[in-house]
Amino acid sequence: MTRTCLHCVLARVLRAEADALRERGLEVRLGLSEPVLLPAAGAATYRTVRALLRAAMADAAGPHIRLAVVDQPGKSHVEVTAAFAVARRTRVLSCAFPRHDPQALAGGFAEHGAPEAAVLPSPI
């Protein structure tokens, strides 16, 4: 199974966009969070997060873009948010990544283990 570290993807995106951020006078502040492994291809995750950051850079009016990884227990997904100033208000953009492999859903729920044969009481 493919596994991608979301924090590694964020680091790569920030390195790739460092010059563009500097040219626009923007600083990215990344909130603290635990490492998150996603069952997704790294390239697809990278493109999604980079598109999120570029959209925030295009609209940001203030000096800061705040990135956060929203990883709440019990949620079916992990979210990356970008908050920034626009005129006199704050705008938030986000993208979400499922914790499960969408292609594996047809195979059942792996977290429950293999199905067990039903044991019926003897009719005697």
### Amide proton proximity set for Thr4, modelled H, under 5 Å, gap of 5+
Leu38, Ala40
### Query
Ranked highest first by the average count of other Cβ atoms within 10 Å around their residues, in what order do 24-36, 2-14 fall?
2-14, 24-36
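Rule-based calculations on the coordinates, nothing more; no lab input. Model, not experiment: these values are computed from the prediction. Note that we place each Cβ from the backbone using ideal geometry, even for glycine, and neighbour counts take in every protein chain shown.
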